[in-house]
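For reference, the structure is listed below as structure tokens.
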């Protein structure tokens, strides 16, 4: 399968005139753009995986849950839950608070960001992601001869 990026520019496009064959435009219905789910947005913008999102939903359902409790609820190792929590905390979606036990020692209680804060975090990150995506497209060298991924 050859890449369309490797095809020569048609004379119509090269001269700036309208091509004889239809090409999709931003106003056309083809190709359609699918509406992403919230999960897809969080995976894409924050680089989260399904495991992190499952952990996040568990924290929303049980605010203040410890790592041990989350591991039990989700049937995962505590180290695995800790990795997910680190990713979620880095994205600003959760926060951990150290709680001292009466018997000595401590644990971390995990909380999801309040809805208003979450909305602000996601909106800001999505705006930055869109800007980076546009920059990547703008910086792409469309005219450069590239090897097709299937021709390696």
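Within segment 70-101, being touching a strand residue (DSSP E or B) at 6+ places or on another chain (Cβ under 9 Å) and over 25 Å from residue 125 (Cβ atoms) holds for 73, 98, 99, 100, 101. Of everything in segment 66-107 that's outside any helix (DSSP H, G or I) and under 25 Å from the mean Cα position of the chain (by Cα), which residue is surrounded by the fewest Cβ atoms within 10 Å (Cβ to Cβ)? Once the filter is applied, the top-ranked residue is 75.
With the condition kept exactly as written, say whether any residue in segment 128-140 is over 24 Å from residue 37 (Cα atoms), in contact with a strand residue (DSSP E or B) (Cβ under 8 Å, 6 or more places away or on another chain), exposed (fewer than 12 other Cβ atoms within 10 Å of the Cβ) and at pLDDT below 95. No; the residues of segment 128-140 include none that is over 24 Å from residue 37 (Cα atoms), in contact with a strand residue (DSSP E or B) (Cβ under 8 Å, 6 or more places away or on another chain), exposed (fewer than 12 other Cβ atoms within 10 Å of the Cβ) and at pLDDT below 95.
The values are calculated or read from the model by the stated rules, or taken from the named source; none is laboratory data. Just so it is clear, the model here is predicted, and its values are computed rather than measured. When we count neighbours, we look across all protein chains shown, and the Cβ atoms used for this are built from the backbone with ideal geometry, even at glycine.
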